[in-house]
Structures are given as C-alpha cells and as structure tokens.
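Coordinate-derived values only; no laboratory data. Small disclaimer: the values here were computed from a predicted structure and weren't measured. Quick reminder, even Gly has a Cβ in these numbers, built from the backbone with ideal geometry, and neighbours come from all protein chains shown.
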Amino acid sequence: MVWQSLRRWLKVRPHTTKHRRSVLLNLEQLEKRECPTASLSVLDPSTNLVLPSNNTPINSFSNWSMSLQAQVSGVAVTSYSWNLSSAADAGSITGSSTYNVQFTWASFTGAPRTDTISVTANYSGGSITHSYTFQLTATNSAAWSSAPTSSSTWPTVIAPDQLNGQSTMAAGPYAALGLADGSVQTGYSLPSYNPNATPLSLVYNSAVADPQPIFLVRYQLDPSQALPSSVTGQLTLTNQSGTTVFTGSTVYFNPSSLNPGDWMVMALVPLPEIPVTLAA
C-alpha cells in the first residue's frame, strides 16, 4: 500500500525545472599603467664598491678624501640632495646638490666615530632616499691606513678570466638572464628526504654549451651632457706586436633607463656577428 501511494505521488507530481538566468558580464578593458621603478645606489669610486644602505656600518678612515656617486636607474632624475647634517666629521663638502658629493673626513685620534649620510634623488612623481652609516677609524689606531686605491687605478676593461659572477634579471617565473653574458639560466631543486643534507639540484646555463670569452667594459655617462640615445662598443684585439688580430661588430647599448653620471658595464664578445641592440 505504501509503495503504491508513493508511485501515485511521484506520477502526479509536476516536474519542475529550474532555469538559470543568463548573466552577461561586461568587462571593461583596463588601461595599461606602468609605475616607474626607481633604483638608487651609491658608488664609492675610490674603492670601486657599491655601498650597503641597510644600516650596515661602512668602514672608513680619518683624513680620507671621499667621493660618493649616486647611481639611479628606472626614472629620470630631476635633482639630487645629499644630507650630511649627521656627519659631523665631513668637511670641505662640495657637490651636495649633484650626483657626486665630495668631502674629507676630519683628522682625529681616539675612539672610532660614527657618521651618517643620506642622499635623495627626486624625479617626476616622487623621490627615493637612502642612508649610509660610516664607522671612522682614528689616525692613531693600528687599523688606520692611507687610501690604498683611487678610481684611476681600476681597469677600464675586465678580462674574461675575471668574470666570476654576474647580476641577473627575471625572464619568467623560473628563469633568469645573465646581464654580463646574456645567458639563460634556470634551476630545479629535487625533494630532500634528509633535513640535514642539501638536496640535489639541476642547474642549466646556456653559456656552458658554447662558452665564449667576455670582456666587460666600464663606461661612465658624461654627467655634463644630456643622456645619449645609445652607446656603442666595439672590441678590437691586438697581439704583443700591436697588430690587430680581431675587430668585432658594433654593439649598441640602450641607456634610456639610466641618468647622466651613471656607470655602465658593457659586455663585448669577440665574435664577428651582426650588430645587435642591448639594454643597459
């Protein structure tokens, strides 16, 4: 009886179908906007070092003549401003409103001193500021030394056997490009089953398959001139007798992301190839 009643109920029950309402999504095309990425660093040309700006003490010495050069990429700088109000030992200051500030540390004896210098690079739409902390050693300290080098002692061209490392830029989620040799690099780490052991990793570098000597050329953009549209480089090799044995093709570098006074490091390979254009 129950089964028959259930059958009759199912038979007479109207079949209902739910209709989904169609919804038309109107997607507005978003305007492509790129925010400028400003990068600021400070170069000490006497020691050929890029100074750390993370409150790491920078060792320097009483009575040294200093020259600090702001290096900005990604935006066009409209003005520079160096703040030495927290650097009581800095004297004979010049160039505080340029990319290159110069001064001399005071001559003193006794305990080490700490001085802080900051630089601000202004550009259209914003500014970027970094601070640098110096720890000065007195002239009567056993650790004191006269300046061992100057900017004129650094080589203009770095020989191939001195290329031990290079900066890279992202080329996707899992790859990078070498900024010195143009190599494509990627890697993959296998799972580790022992937390005390380093896992096996697979590393790929396109330059390994066809290694070529690379000459790195240092070049400073003229701080007194407007930014050039391009910078060209051409590699010429001579033997011990002065006879030219190789003349490479012209390579064009694009300095549009840099500023006057910035230093470029250009990679030149001794291969007779067609002219190419590279970003600095």
- Relative contact order (percent, whole number), the range 39-151, Cα cutoff 8 Å, 6+ residue spacing: 34 percent
- Note on the structure: Rounded to the nearest Å, the spacing of the alpha-carbon centers of the range 113-150 and the range 199-224 is 30 Å
- Note on the structure: By Cβ neighbour count within 10 Å, fewest first, 41, 241 rank 241, 41
- Message: Using just the Cα positions, wrap the range 97-141 in a convex hull and report its mean projected area in square nanometres, one decimal place.
- Response: 3.7 nm²
- Note on the structure: For 128, 93, ascending order of other Cβ atoms within 10 Å (fewest first) is 93, 128
- To the nearest 0.05, what FRET efficiency results for residue 92 and residue 167 with a Förster distance of 35 Å applied to their C-beta separation? 0.50
- At 25 °C and 0.890 mPa s, the Stokes-Einstein diffusion coefficient in µm²/s for the range 177-216, with hydrodynamic radius from the Kirkwood sum on alpha carbon pairs, is 201 µm²/s
- Note on the structure: Listing 43, 237 by rising number of other beta-carbon atoms within 10 angstrom, fewest first, gives 237, 43
- Query: Beyond 21 Å, what percent of the Cα pairs of the range 89-183 remain?
  - Reply: 63 percent
- Query: If you take every DSSP beta bridge whose two residues both sit in the range 45-190, what share of them, in percent to the nearest 5, is antiparallel?
  - Reply: 90 percent
- Task: Put one equal scatterer on each alpha carbon of the range 39-151, apply the Debye formula with no solvent term, and list log10 I(q)/I(0) at q = 0.15, 0.22, 0.23 1/Å to two decimals.
- Result: -0.62, -1.26, -1.36
- Task: For an R0 of 30 angstrom, estimate the FRET efficiency from the Cβ-Cβ distance between residue 234 and residue 204 and round to the nearest 0.05.
- Result: 0.45
